[in-house]
Amino acid sequence: MTTSAPVLFVDDEAPLRHAASQALMLADLAAIPCDTGPEALAHLDRDFPGILVTDIRMPGMDGLTLMSEALKIDPELPVILVTGHGDVDLAVASMKGGAYDFLEKPYAPARLVEAVGRALEKRRLTLENRRLRAGGTALSPDDPVAVRLLGRSAPMVRLRAQLRALAATQADVLIEGETGTGKEVAARALHAASPRADRAFIAVNCAALPAELIESELFGHEAGAFPGATRARYGKFEHARGGTLFLDEIDSLPLALQGKLLHVVEQRSVTRLGSNDPIPLDLRIVAASKRDLAAAAREGAFRPDLLYRLNVVTLRLPPLSDRREDIPELFLSLLSAAATRTGRDAPEVPGAVLAALAARDWPGNVRELRNAAERLAMGLDAGLWPLAPEAEGTLADRMAAHEKALIAASLAAHGGSLKSTYEALGLSRKALYEKMQRHGLSRDSFRED
């Protein structure tokens, strides 16, 4: 586990402060040891990125008073109380007053790291939620790729790097990906980052064009070219001159029309229906398909020569199942945008719900996730809140359900890899096994094929 968010650890006993700091540092967590409550409060403000861990029994300002003062600064700050044996009931009662968790002395270093890791993740999501609700962004508006394609996962980092490298070239691009993965978004990002950004971006859904109008829509026509053609008309290729033409679902084009498209791609000129005069074209062509075009070409459903012309560079967009760790941030971003469009305040989303969303299957990918965010922004739960294990039951039940959701989300994000999961959660291998057995979780349910 690696994080730059600090952990304020408050205890009046120096050996305990030192031991806790060492345990946190060994887990790559930054510790700020403090021996008094006022010293800790001096570090806090509403934007403090870390959490507070404090002993209850201390001279002067005790831990409960420190927690109360800290929550006045930020009511959503995760506070972990450290208790002696006789203070467990007091600590449990304090959770109703805002404490996030408690540790009973003596505790194992792994238990401290585990509790701190969960609290830091909750803090990160809280601050991210605030930023998105405020309409801000951590991404530079000067980076048109990053603002359109969110995600910290390796597949998204790689995709953004590919798009930035391609943007400066004139190469045609083929984008492949499942339904809802954002193929048009990627095409628009490529256009916006290119020297053609100030020219037209023309999007054509080839599957939505009526068969009898496809040729006219793409290539244009002269007056009298066919019955009803009373005047000349530009086609999409001419509209996109100087800019980018995006041909979505290109695999739906009839084979005969694929041959005419091949000629346009090769010659960089278009001839309107009813004319013999070619019109030169200066444009970039970006084609997209949810189908594997190489397989379609082998099956005779797509022209191999057109495929070779279009796939100068091929980008494959990852489904959400390959980047589950991006789902919480992406959902919050979509929710904020939906709330702005509907003129509402974006509702708070509990961390347990976000964890459950990351573990859930999204066959419709980002489009399906966006629909869920839209419904929630309009005040319709859309079945999301039942995902929150905090919603009902005893305190112990809610804490267990929250833990199960976080472990399941991490297993899903790491494709069932136990090593990656226990390292991400700050657990030992043995502790992860025990928790998975207790919660009825099997790694086989999260393995990637």
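Per-residue answers, yes or no, for (1) part of a helix (DSSP H, G or I); (2) within 23 Å of Ala294 (Cα to Cα); (3) basic (Lys, Arg):
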site	(1), (2), (3)
Leu149	no, no, no
Leu174	no, yes, no
Ala189	yes, no, no
Pro210	no, no, no
Open item on the list: Criterion first (crowded, with 21+ Cβ neighbours inside 10 Å, under 22 Å from Val157 (Cα atoms), of a type in the set (A, V, I, L, M, F, W, C) and assigned by TED's automatic domain parsing to the domain that holds Thr179) does Ala355 satisfy it?
Closed with: no
TODO: Hey, can you tell me all the residues within segment 236-262 that are buried (at least 16 other Cβ atoms within 10 Å of the Cβ), of a type outside the set (Lys, Arg) and farther than 27 Å from Thr179 by Cα?
DONE: Glu238
TODO: Consider Gly224 carefully, then state whether it is in contact with a Phe, Trp or Tyr (Cβ under 8 Å, 6 or more places away or on another chain) and on the phi > 0 side of the Ramachandran plot.
DONE: no
TODO: Scan segment 331-349 residue by residue and report those that are under 23 Å from Lys404 (Cβ atoms) and surrounded by 22 or more Cβ atoms within 10 Å (Cβ to Cβ).
DONE: Phe331, Leu332
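Residues are listed down the side, and each one gets a yes or a no for (1) touching a strand residue (DSSP E or B) at 6+ places or on another chain (Cβ under 7 Å); (2) farther than 24 Å from Gly84 by Cβ; (3) of a type in the set (S, T, N, Q):
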position	(1), (2), (3)
Leu8	yes, no, no
Leu16	no, no, no
Thr36	no, no, yes
Thr54	yes, no, yes
- [ ] Answer yes if at least one residue in segment 72-88 is outside any helix (DSSP H, G or I), among the acidic types (Asp, Glu) and more than 19 Å from Pro15 (Cβ to Cβ), and no otherwise.
- [x] yes
Task: Any hit, segment 31-43, residues being of a type outside the set (Phe, Trp, Tyr) and farther than 21 Å from Leu66 by Cα - done: no
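Could you check, for segment 84-91, whether at least one of its residues is modelled with pLDDT of 85 or more and surrounded by 20 or more Cβ atoms within 10 Å (Cβ to Cβ)?
no
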- [ ] Mind counting the residues in segment 157-183 that are modelled with pLDDT of 95 or more and surrounded by fewer than 16 Cβ atoms within 10 Å (Cβ to Cβ)?
- [x] 0
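Are any residues in segment 269-291 loosely packed, with under 14 Cβ neighbours inside 10 Å and not hydroxyl-bearing (Ser, Thr, Tyr), and if so, which ones?
Hits for segment 269-291 are Asn276, Asp277, Pro280, Asp282.
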TODO: For Arg370, state whether it is under 13 Å from the mean Cα position of the chain (by Cα) and in the same structural domain as Glu403 (by TED's automatic domain parsing).
DONE: yes
TODO: May I ask you to list the residues in segment 20-46 that are surrounded by fewer than 23 Cβ atoms within 10 Å (Cβ to Cβ), among the hydrophobic types (A, V, I, L, M, F, W, C) and either part of a loop (DSSP other than H, G, I, E, B) or free of Cβ contacts under 8 Å to residues at least 24 places away in the same chain (or both)?
DONE: Met25, Ala27, Ala42, Leu44
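One line per residue, one yes/no per condition, for (1) outside any loop (DSSP other than H, G, I, E, B); (2) surrounded by 15 or more Cβ atoms within 10 Å (Cβ to Cβ); (3) touching a Pro at 6+ places or on another chain (Cβ under 6 Å):
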site	(1), (2), (3)
Val7	yes, yes, no
Pro15	yes, no, no
Phe48	no, yes, no
Thr65	yes, no, no
Leu103	yes, yes, no
Ala110	yes, yes, no
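The values are calculated or read from the model by the stated rules, or taken from the named source; none is laboratory data. Here the structure is a predicted model, which is why all the values come from computation and not from measurement. Methodologically, a virtual Cβ is constructed for each residue, glycine included, from the backbone with ideal geometry; neighbour enumeration extends over all protein chains shown.
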